[in-house]
Amino acid sequence: DAMVIQNPRYQVTQFGKPVTLSCSQTLNHNVMYWYQQKSSQAPKLLFHYYDKDFNNEADTPDNFQSRRPNTSFCFLDIRSPGLGDAAMYLCATSNDWSNEQFFGPGTRLTVL
Amino acid sequence: LAKTTQPISMDSYEGQEVNITCSHNNIATNDYITWYQQFPSQGPRFIIQGYKTKVTNEVASLFIPADRKSSTLSLPRVSLSDTAVYYCLVGALGAGNMLTFGGGTRLMVKP
């Protein structure tokens, strides 16, 4: 089945230690998104790729970076995680003519 | 981006019809209305999308009045497994038009 895959599902890192979360998709969608979702809150868009074009949300901290080496893969890099960065990180994809986003299961990040 | 307002929470019982209303007073001409469902520890899942009048699929109906300033998601005969958070989003079609998740409505279905 076509899907959005996120690895790992659970990630533990130390305060200030860089961490990378990965997302892959078999849907061949041209748009990929990264969201941050904290407990009991709505998902918050961090940035998205429209094909190779990177689009950062205005209030996304510089601590968060992203890479998309090809259509199928997208990475979220947190350069110096703080305790406030502990959250669920969701990857999603869509086609450029649709508002239907397909979400992965998420990676729950814990910062010690 | 059009802002959306939903009830924070709703309770229902198995077998009942549930209607969740979303207000979006400043919806633009090109905006569509999209609803997502999210279970704990999972990513949101697309439920339904519409522009005006009524849209129905295998899981829900979406009612949109003529002025489009609100919309109502209708879930027929809910079961315990429909307990989830439901989000209403408003935006133009196309991935270049970003959608913002509002607060969402936490639906609790009781036996």
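The values are calculated or read from the model by the stated rules, or taken from the named source; none is laboratory data. Keep in mind the model is a prediction, meaning the values are calculated, not measured. All Cβ positions, even for glycine, are placed from backbone atoms using ideal geometry, and neighbour counts span all protein chains on display. Note: areas computed on protein heavy atoms with side chains; ligands, DNA, RNA excluded. Shrake-Rupley method; radii C 1.70, N 1.55, O 1.52, S 1.80 Å.
Based on this model, can you work out whether B:T21 counts as of a type in the set (S, T, N, Q), closer than 24 Å to A:S40 by Cβ and either touching a His at 6+ places or on another chain (Cβ under 7 Å) or in a strand (DSSP E or B) (or both)? Full working, then the answer.
Working: of a type in the set (S, T, N, Q): yes; closer than 24 Å to A:S40 by Cβ: yes; either touching a His at 6+ places or on another chain (Cβ under 7 Å) or in a strand (DSSP E or B) (or both): yes.
Yes: the conditions hold for B:T21.
Would you confirm, using the coordinates I've provided, whether A:K44 is charged (D, E, K, R), open to solvent by 10 Å² or more (accessible area, probe 1.4 Å) and closer than 28 Å to B:G50 by Cβ?
On the way: charged (D, E, K, R): yes; open to solvent by 10 Å² or more (accessible area, probe 1.4 Å): yes; closer than 28 Å to B:G50 by Cβ: yes.
It is true that A:K44 is charged (D, E, K, R), open to solvent by 10 Å² or more (accessible area, probe 1.4 Å) and closer than 28 Å to B:G50 by Cβ.
Among the numbered criteria (1) buried (at least 19 other Cβ atoms within 10 Å of the Cβ); (2) over 10 Å from the mean Cα position of the chain (by Cα), which one does B:L62 miss?
If we test B:L62 against (1) buried (at least 19 other Cβ atoms within 10 Å of the Cβ); (2) over 10 Å from the mean Cα position of the chain (by Cα), just (2) comes out false.
Can you name every one of the strands (runs of 3 or more DSSP E) wholly within the stretch A:1-57 that holds 2 or more residues which are at the interface with chain B (Cβ under 9 Å from one of its Cβ atoms) and more than 15 Å from A:L109 (Cα to Cα)?
Values: elements: A:4-7, A:10-13, A:19-25, A:31-37, A:44-50, A:53-56.
Passing ranges, in order: A:31-37, A:44-50.
Give me the strands (runs of 3 or more DSSP E) completely within the stretch B:40-105, filtered to those with at least 3 residues that are more than 27 Å from B:G15 (Cα to Cα), ordered by residue number.
Numbers: elements: B:45-50, B:53-56, B:61-64, B:70-75, B:84-92.
Those strands (runs of 3 or more DSSP E) span B:84-92.
Would you be able to say whether some residue in the stretch A:74-84 is within 15 Å of the chain's Cα centre (by Cα), open to solvent by less than 40 Å² (accessible area, probe 1.4 Å) and charged (D, E, K, R)? Give the steps one after another, and end with the answer.
As a first pass, look at the stretch A:74-84 and keep what is within 15 Å of the chain's Cα centre (by Cα): A:74-79, A:81.
If we keep only those that are open to solvent by less than 40 Å² (accessible area, probe 1.4 Å) as well, we get A:74, A:76-78, A:81.
Filter once more, so that each one left must be charged (D, E, K, R): A:77.
Scanning the stretch A:74-84, I find at least one residue that is within 15 Å of the chain's Cα centre (by Cα), open to solvent by less than 40 Å² (accessible area, probe 1.4 Å) and charged (D, E, K, R), so the answer is yes.
State all residues of the stretch A:58-68 that are assigned to a strand (DSSP E or B) and open to solvent by 60 Å² or more (accessible area, probe 1.4 Å); if no residue qualifies, say none. Outline the logic, then answer.
Applying the first criterion (assigned to a strand (DSSP E or B)) to the stretch A:58-68 yields A:64-67.
Matches in the stretch A:58-68: A:Q65, A:R67.
Tell me the residue from B:I33, B:I27 that is over 20 Å from A:S94 (Cα atoms), within 14 Å of chain A (Cβ to nearest Cβ), modelled with pLDDT under 95 and open to solvent by less than 50 Å² (accessible area, probe 1.4 Å), please.
Details: B:I33 fails: over 20 Å from A:S94 (Cα atoms).
Being over 20 Å from A:S94 (Cα atoms), within 14 Å of chain A (Cβ to nearest Cβ), modelled with pLDDT under 95 and open to solvent by less than 50 Å² (accessible area, probe 1.4 Å) holds for just one of B:I33, B:I27, which is B:I27.
Under the condition of being among the β-branched types (V, I, T) and crowded, with 20+ Cβ neighbours inside 10 Å, which residue from the stretch B:65-111 is farthest from the other protein chains (Cβ to nearest Cβ)?
In the first step, residues of the stretch B:65-111 are kept if they are among the β-branched types (V, I, T); the result is B:72, B:78, B:83, B:85, B:90, B:100, B:105, B:109.
Now restrict to residues that are crowded, with 20+ Cβ neighbours inside 10 Å: B:85, B:90, B:105, B:109.
Details: B:V85: 8, B:V90: 10, B:T105: 11, B:V109: 19 Å.
Checking each candidate, the answer is B:V109.
What's the total number of residues in the stretch A:30-72 that are at positive phi and of a type in the set (G, A, S)?
Qualifying residue count for the region: 1.
Looking at the structure I just gave you, is A:D51 more than 20 Å from A:M3 (Cβ to Cβ) and open to solvent by 70 Å² or more (accessible area, probe 1.4 Å)? Walk me through how you get there before you give the answer.
Numbers: more than 20 Å from A:M3 (Cβ to Cβ): yes; open to solvent by 70 Å² or more (accessible area, probe 1.4 Å): yes.
It is true that A:D51 is more than 20 Å from A:M3 (Cβ to Cβ) and open to solvent by 70 Å² or more (accessible area, probe 1.4 Å).
Restricting to the stretch A:87-104, give me the number of residues that are touching a Ser or Thr at 6+ places or on another chain (Cβ under 8 Å), in a loop (DSSP other than H, G, I, E, B) and either open to solvent by less than 40 Å² (accessible area, probe 1.4 Å) or among the hydroxyl-bearing types (S, T, Y) (or both).
Residues flagged as touching a Ser or Thr at 6+ places or on another chain (Cβ under 8 Å), in a loop (DSSP other than H, G, I, E, B) and either open to solvent by less than 40 Å² (accessible area, probe 1.4 Å) or among the hydroxyl-bearing types (S, T, Y) (or both) within the stretch A:87-104 amount to 2.
Please go through (1) without any contact (Cβ under 8 Å) to a residue 12 or more places away in the chain; (2) in contact with a strand residue (DSSP E or B) (Cβ under 8 Å, 6 or more places away or on another chain) for A:P61 and return the number of the only condition it doesn't satisfy.
The number of the failed condition is (2).
Test each condition in (1) more than 8 Å from chain B (Cβ to nearest Cβ); (2) touching a Lys or Arg at 6+ places or on another chain (Cβ under 7 Å); (3) hydrophobic (A, V, I, L, M, F, W, C); (4) closer than 28 Å to B:I33 by Cα for A:M88 and report the one that comes out false.
(1)
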